[in-house]
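Worksheet for the structure shown next.
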Amino acid sequence: MRSLFVLAVALIGAVPTLADGQGKGKGENNERIRTIYRDVAIIGGGASGSYSAVRLREDYNVSVVVIEKNSNLGGHVNTFIDPTTGRGFDCGVQNWIELGGARAFFERFGVEMQPNVRSTFETVSVDFTNGQRLTDYNPPAAADRTAALQRYLAVAETFLPILEPGWWTFPQPRDIPPDLLLPFRDFVAKYNLTAAVPTFHATTGFGIHDMLGHLTVWFMRSFNVNLVRVLLGTETSIVPVSRKNQDLYDRILTSLGPDALTSTTVVSTEERSSRKGVTLVVRNSITGVKTRIIAKRLLFTPIPSEANTSPLDLDREERSTLGQFDYSASYVGVVSHPSLPLNKSLVNTPISAQPANWPAAIPQYPYNTRFENYANSPYFRIIAVGDQTFTAAQARKVIEDSFDKLVEGGVVDQTSPPETLKFHLFEPHGLVSAYATREKLEGVFIQRLNGLQGRRGTWYTGASWGVHLSTSLWVFTDTVLERLVDDLKG
Ligand SMILES: Cc1cc2nc3c(=O)[nH]c(=O)nc-3n(C[C@H](O)[C@H](O)[C@H](O)COP(=O)(O)OP(=O)(O)OC[C@H]3O[C@@H](n4cnc5c(N)ncnc54)[C@H](O)[C@@H]3O)c2cc1C
Ligand SMILES: *[C@@H]1O[C@H](CO)[C@@H](O)[C@H](O)[C@H]1NC(C)=O
Ligand SMILES: *[C@@H]1O[C@H](CO)[C@@H](O)[C@H](O)[C@H]1NC(C)=O
Ligand SMILES: *[C@@H]1O[C@H](CO)[C@@H](O)[C@H](O)[C@H]1NC(C)=O
């Protein structure tokens with residue numbers, strides 16, 4: 001591997017003597033840009049990128065640099081801090097399933113954890129398209145819901161060996177269990193799961209916009225066995241005692257120091273191969289300063305969308321494989337309005353769900369899922385979801401419109417003079433959950449995805465490759481890191 005490193009250095013010609021892995025070289029247009037050398041360049045500092053950076057540095061003695069688009073780490077973790085009280089309100093990631101080394105990972109950064117306590121607020125079902133309150137809606141009885149979750153769990157457990165961690169052992173197209181290729185609607189009917197549909201949707205199903213229309217395999221990657229066990233009380237989820245999920249990532253950022261380049265994205269790729277390693281030029285969006293990164297390997301962690309992969313000089317195989325994914329989009333935030341009811345969660349539920357048509361309880365996307373009060377506060381969590389064409393501007397409008405409908409329907413009283421909904425935080429996640437059609441799965445899509453691992457000096461982790469829950473992703477990421485480190489050793 002040393003020899004690869006030398007080769008990579010040789011590529012850019014005039015590199016001065018390097019004392020501490022840094023130097024100045026000439027970029028295109030003769031501008032002088034700093035060059036840094038690392039074993040692994042990590043794109044994305046969300047759940048999987050931050051975790052990878054820490055483990056590679058601290059547990060494998062591998063040098064890293066994280067290239068993160070945002071000004072902070074943590075990705076979908078979004079914590080609003082009340083400017084007057086300092087209290088935190090998490091509107092992205094809510095809690096963490098206690099899996100594998102998850103608790104120890106928090107402890108490594110001194111983030112003390114406690115069991116999560118679920119909100120017991122009254123749920124008010126309102127059709128956000130017309131502001132009509134559902135006065136004749138009967139949610140599933142608790143015992144029926146539990147029985148349905150248990151039935152789901154029993155089936156999902158049989159698929160565990162091929163669904164987790166990641167895609168490594170996913171079968172060839174002809175051996176994919178037919179249940180996994182059923183639209184989730186049909187799977188629900190087959191296993192009599194209707195009593196769990198509102199729970200499926202409220203927990204993670206909203207995140208894949210067309211929950212009932214998607215294939216069961218995709219649903220199971222957002223609502224996995226561990227999550228069911230948490231709901232059934234046989235596993236636990238944890239939260240920081242501080243009630244600020246962002247704490248972990250802020251401490252990781254401090255610990256990474258100069259190994260984290262925030263507000264930074266890749267602008268071009270000068271080299272990316274297993275033989276010569278990876279040379280990227282990145283740019284800080286605030287200062288405009290460019291840096292050249294020469295690394296032995298690349299670890300790519302965000303969703304592999306067109307926008308995220310275009311500076312990476314994809315070849316045909318990469319482009320045609322990664323291009324098979326479609327995505328849903330999500331936008332979360334914290335809002336307030338003096339008329340929104342405290343100690344309640346207003347949940348968007350189509351009127352057609354009355355009196356007990358639970359599969360109809362899922363709105364037509366795009367939609368705002370809820371106005372959910374945070375205990376003892378004037379703040380409410382909103383989540384707007386849609387397909388991959390759903391933009392941030394549309395999401396804000398969907399949220400504002402949904403509030404206007406609550407006023408129109410008389411569910412809330414507008415103040416006089418009327419006040420607009422106040423946004424305290426609005427986090428445009430944009431594209432989130434990846435999925436692909438049945439035709440693609442019946443092609444050799446998954447095998448081709450696996451075939452990209454390690455190809456051209458590039459490894460992949462993140463939500464498109466595993467179950468999209470943070471700690472499940474950490475477990476999957478461990479399996480990628482083992483392979484990546486073996487690859488580094490040559
Ligand atoms: C509303 C919502 C609630 C959730 N709640 C929970 C929960 O309670 N518990 C749980 O375990 N999981 C939860 N999840 C899922 C969890 O957040 C994801 O599974 C996890 O964040 C995915 O990790 P990741 O590393 O793949 O992506 P992310 O965490 O999204 O990280 C990707 C990172 O890459 C950065 N990035 C993107 N593009 C580029 C680029 N071109 N260049 C550089 N950087 C880039 C992003 O800014 C981001 O920081 C939730 C997700 C959503 C959307
Ligand atoms: C870590 O790696 C560095 C550089 O390769 C090496 O000098 C050092 O001895 C390694 N430390 C351990 C504990 O392996
Ligand atoms: C389907 O589920 C409901 C509620 O969980 C239950 O009452 C009913 O008996 C189940 N039907 C069958 C055929 O198992
Ligand atoms: C909300 O609940 C808290 C206790 O959790 C209580 O003190 C408060 O009065 C309640 N507010 C309303 C408007 O019901």
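The values are calculated or read from the model by the stated rules, or taken from the named source; none is laboratory data. Please read all numbers here as calculations on a predicted model, not as lab measurements. Note that each Cβ is placed from the backbone with ideal geometry, even for glycine, and that neighbours are counted across all protein chains shown. We work out accessible area using only protein heavy atoms, side chains counted, and drop any ligands, DNA or RNA first. Shrake-Rupley method; radii C 1.70, N 1.55, O 1.52, S 1.80 Å.
Tabulated values for the structure
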item	result
Residue check, Arg108 closer than 19 Å to Glu372 by Cβ, modelled with pLDDT of 95 or more and over 22 Å from the mean Cα position of the chain (by Cα)	no
Filtered residues of segment 223-251 (kept if open to solvent by less than 40 Å² (accessible area, probe 1.4 Å), out of contact with any Leu (no Cβ under 6 Å at 6 or more places or on another chain) and farther than 15 Å from Leu153 by Cβ)	Ser237, Ile238, Val239, Pro240, Asn245, Gln246, Asp247, Leu248
Meets criteria (farther than 18 Å from His201 by Cα and within 16 Å of ligand 3 (Cβ to nearest atom)) for Val117	no
Selected residue (criterion: farthest from ligand 4 (Cβ to nearest atom)) from residues of segment 184-207 that are β-branched (Val, Ile, Thr) and open to solvent by 10 Å² or more (accessible area, probe 1.4 Å)	Thr194
Segment 457-487: number of residues that are hydrophobic (A, V, I, L, M, F, W, C) and part of a helix (DSSP H, G or I)	8
Flag if Arg283 is part of a strand (DSSP E or B), of a type in the set (Lys, Arg) and in contact with an Asp or Glu (Cβ under 8 Å, 6 or more places away or on another chain)	no
Among the residues listed as Leu452, Leu421, the single one being over 19 Å from Gly44 (Cβ atoms) and open to solvent by less than 30 Å² (accessible area, probe 1.4 Å)	Leu421
Scan of segment 80-103 for residues that are open to solvent by less than 60 Å² (accessible area, probe 1.4 Å) and not in a loop (DSSP other than H, G, I, E, B), ordered by number	Phe80, Gly88, Phe89, Asp90, Trp96, Ile97, Ala102
Lys405 free of Cβ contacts under 8 Å to residues at least 12 places away in the same chain, basic (Lys, Arg) and either open to solvent by 10 Å² or more (accessible area, probe 1.4 Å) or within 14 Å of ligand 1 (Cβ to nearest atom) (or both)	no
Qualifying positions in segment 293-340 - of a type in the set (S, T, N, Q), surrounded by fewer than 24 Cβ atoms within 10 Å (Cβ to Cβ) and part of a strand (DSSP E or B)	Ser336
Some residue of segment 252-259 being of a type outside the set (D, E, K, R), more than 30 Å from Ile293 (Cβ to Cβ) and surrounded by fewer than 21 Cβ atoms within 10 Å (Cβ to Cβ)	no
Pair list, Cβ < 6 Å and 6+ apart or interchain, from segment 236-261 residues that are of a type in the set (S, T, N, Q) to residues that are open to solvent by 30 Å² or more (accessible area, probe 1.4 Å) and in a strand (DSSP E or B)	Thr236/Pro115
Filtered residue count, segment 341-378, keeping only those that are crowded, with 22+ Cβ neighbours inside 10 Å and touching a His at 6+ places or on another chain (Cβ under 8 Å)	2
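Results for (1) under 15 Å from Leu261 (Cβ atoms); (2) open to solvent by less than 30 Å² (accessible area, probe 1.4 Å); (3) without any contact (Cβ under 8 Å) to a residue 60 or more places away in the chain, shown as yes or no for each residue.
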position	(1), (2), (3)
Arg32	no, no, yes
Ile42	yes, yes, no
Ser48	no, yes, no
Val54	no, yes, no
Asp59	no, no, yes
Ser63	yes, no, no
Asn78	no, yes, no
Val111	no, yes, no
